[in-house]
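Written below as structure tokens is the structure these notes are about.
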Amino acid sequence: MRGGMFGYGDIKLFAGSASQALAQEIADYLSLPLIEYDLIEFANENLFPRLRGSVRGQDVYLIQSLNSPVHRNIMELLLMIDCLKRDSAGRITAVIPYMAYARSDKKDKPRVPIGARLLADMIEVAGADRYMTIDLHAGQIQGFFSIPGDVLTAFHLLSDYFLGRDLKNTVVATADLGFAKKGRNFAAKLGTPLAFVEKRRAEEDPRARATTVIGEVEGCNIILVDDEVLTAGSVVEAVELLKQHGAREISLSFAHALLVPPAVEKLRKLPLKELVTTNTVDIPPEKHLPKMTVLSVAPMLGEVIRRAHEGRSVGELFNE
């Protein structure tokens with residue numbers, strides 16, 4: 001694909017170690033090859049990438065999620081951006097389907113860092129000209145970047161999955177109040193009522209726990225929505241609480257399937273009708289559950305990359 005309107009050369013796609021399968025899907029969507037590079041890890045755990053060919057003047061997209069191993073993946077991303085910059089790439093876009101440190105978005109206690117701001121600064125300093133990501137945990141993280149970016153959402157993909165169903169007796173519920181706005185949008189699109197699982201933190205307990213359901217769920221089928229599932233602790237509490245309040249079948253929908261142990265074991269035991277997620281992070285076979293559906297974000301990212309290269313509106317893709 002040649003000649004974006006900004007005068008950059010061809011699109012060049014690179015796949016980081018964390019996003020090989022997703023990057024290949026994006027490349028297939030765009031009918032472009034993935035450009036390979038060498039990545040050496042020395043005995044002292046230092047990484048050393050090397051390009052196999054020149055990208056001078058080209059429009060480069062580096063696809064790398066920042067899931068586990070988080071710090072190795074971050075360093076690979078930063079070193080590759082620096083490598084591309086020093087080879088005189090025309091424009092470098094960091095495509096980060098899942099952004100690490102997104103929960104460290106504010107200084108809410110004394111003597112703590114703001115990790116998301118630091119990571120944004122590092123990506124800029126490394127030499128990225130733009131960034132793309134999906135479903136940031138907190139919207140204000142966009143303001144941590146001085147470079148332009150496209151903050152996308154899997155909302156349309158996930159909600160469309162449920163649209164073709166009989167939703168007459170269905171309620172959308174959020175796993176906590178922090179997801180209330182996105183949950184409201186989900187319910188509005190499906191035309192269903194909305195409920196919330198409220199968490200509270202006791203003085204002697206550092207962890208917030210699900211305590212109350214706000215809204216009517218008795219006798220209803222539930223679509224429980226969240227942005228990510230890490231250890232599945234919050235999901236387990238939410239499902240148990242919804243069941244205590246008389247909920248019938250419960251489906252779980254979330255964007256980022258991090259699934260850190262013992263998440264898979266917990267989810268396997270839950271009385272869920274199905275789990276619907278995306279491939280923003282690679283989900284190995286051992287983490288696939290019998291009732292799990294994985295929707296691909298590759299067509300969305302591929303189309304946004306195409307539009308960014310051609311200088312066309314991304315908002316129009318989502319009727320915005």
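Annotations
- A single entry from Ile92, Ile123 fulfils the requirement of being closer than 30 Å to Arg56 by Cβ, β-branched (Val, Ile, Thr) and out of contact with any Leu (no Cβ under 6 Å at 6 or more places or on another chain): Ile123.
- In the condition set (1) touching a Leu at 6+ places or on another chain (Cβ under 8 Å); (2) more than 19 Å from Leu242 (Cβ to Cβ), Arg184 is compliant with all but (2).
- Residue match in the range 73-86 (condition: in contact (Cβ under 8 Å) with a residue 12 or more places away in the chain, assigned to a loop (DSSP other than H, G, I, E, B) and among the hydrophobic types (A, V, I, L, M, F, W, C)): no
- Any pair with Cβ under 6 angstrom, 6 or more apart, that starts in the range 48-70 at a residue that is among the hydroxyl-bearing types (Ser, Thr, Tyr) and ends at one that is in a strand (DSSP E or B): Tyr61/Leu13; Tyr61/Thr93; Tyr61/Val95
- The set of residues in the range 38-69 being outside any strand (DSSP E or B) and over 17 Å from Val95 (Cβ atoms) consists of Phe42, Ala43, Asn44, Glu45, Asn46, Arg52, Gly53, Ser54, Gly57, Ser68, Pro69.
- Residues that are basic (Lys, Arg) and part of a loop (DSSP other than H, G, I, E, B) were ranked within the range 237-290; the one that is farthest from Gln64 (Cα to Cα) is Arg248.
- Positions within the range 135-172 being more than 20 Å from the chain's Cα centre (by Cα) and either closer than 30 Å to Ala238 by Cα or at pLDDT below 95 (or both), in sequence order: Leu163, Gly164, Arg165, Asp166, Leu167, Lys168, Asn169, Thr170, Val171, Val172
- Count of the range 277-316 residues which are open to solvent by 60 Å² or more (accessible area, probe 1.4 Å) and either touching a Gly at 6+ places or on another chain (Cβ under 8 Å) or hydrophobic (A, V, I, L, M, F, W, C) (or both): 1
- Top-ranked residue of the range 96-134 - restricted to ones that are modelled with pLDDT of 95 or more and hydroxyl-bearing (Ser, Thr, Tyr), ranked as nearest to the chain's Cα centre (by Cα): Tyr98
- Between Ser88, Ser31, the distinction of being modelled with pLDDT of 95 or more, open to solvent by 30 Å² or more (accessible area, probe 1.4 Å), more than 28 Å from Leu118 (Cβ to Cβ) and among the small types (Gly, Ala, Ser) belongs to Ser31 only.
The values are calculated or read from the model by the stated rules, or taken from the named source; none is laboratory data. Being a predicted model, the structure only gives us computed values, none of them experimental. Note that each Cβ is placed from the backbone with ideal geometry, even for glycine, and that neighbours are counted across all protein chains shown. The accessibility values were calculated without ligands, DNA or RNA, using every heavy atom of the protein model including side chains. Shrake-Rupley method; radii C 1.70, N 1.55, O 1.52, S 1.80 Å.
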